[in-house]
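Notes to accompany the following structure.
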Amino acid sequence: MLEVVVLIGFQGAGKSTFRAQRFAETHAVVSKDLFRNNRRPERRQQQLIAEALAGGRSVVVDNTNPSVEERAAIIETARGASARVVAFYFDSPLAACAARNDARPLEARVPEVGLRATARRLVRPSLREGFSEIWTVHTLPDTRFEIAPYEESPDEPR
């Protein structure tokens, strides 16, 4: 069965490293980072997801995907192709992500304002959004990851 994997978390949380380790051989990669100069990145992203699914390829969406609204279009496209939608939520403190971001080569760093903007928009995912399943990812030292079942917060909006 086709699947669309949605990575969710701050810049510097380890999403791209996780994606490369876990999905490089099995999923097409869609990331707005790969088409920075596109005037309509959301539209291009949806187009690439739809094309991959139509071609019989599963997809991993490697962006911050912080808001319910940004994830909704991805989920809709996936569901339209009868694909499972799996979220990996990177539960990383902003300070740890900022430190990893600062350790990146200068040309790969995200400006601090970008991290703060993501922090303002980040909403924990919920099965109510349409995900088939959600996993929590903890970034460990030495580019390792721990994956655990996701626990929905009881006070999350319905």
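The values are calculated or read from the model by the stated rules, or taken from the named source; none is laboratory data. Note that the structure is a prediction, hence the values are computed from the model and not measured. Neighbour counts are summed over all protein chains in view; Cβ atoms, including those assigned to glycine, are modelled from backbone coordinates with ideal geometry.
At-a-glance table
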quantity	calculated
Pairs where the first residue, in region 4-22, is closer than 22 Å to residue 78 by Cβ and without any contact (Cβ under 8 Å) to a residue 60 or more places away in the chain and the second is crowded, with 23+ Cβ neighbours inside 10 Å and of a type outside the set (Asp, Glu), C-beta under 7 Å, 6+ apart	19/7; 19/60
Residue 120 vs. criteria surrounded by fewer than 16 Cβ atoms within 10 Å (Cβ to Cβ) and within 18 Å of residue 45 (Cβ to Cβ)	no
Given (1) over 21 Å from residue 121 (Cβ atoms); (2) touching a Pro at 6+ places or on another chain (Cβ under 6 Å), number of the condition residue 50 does not satisfy	(2)
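Conditions tested, residue by residue: (1) touching a Gly at 6+ places or on another chain (Cβ under 7 Å); (2) modelled with pLDDT of 95 or more.
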{"residue": "42", "(1), (2)": "no, no"}
{"residue": "45", "(1), (2)": "no, no"}
{"residue": "53", "(1), (2)": "no, yes"}
{"residue": "72", "(1), (2)": "no, yes"}
{"residue": "89", "(1), (2)": "yes, yes"}
{"residue": "101", "(1), (2)": "yes, no"}
{"residue": "104", "(1), (2)": "no, no"}
{"residue": "116", "(1), (2)": "no, no"}
{"residue": "125", "(1), (2)": "no, yes"}
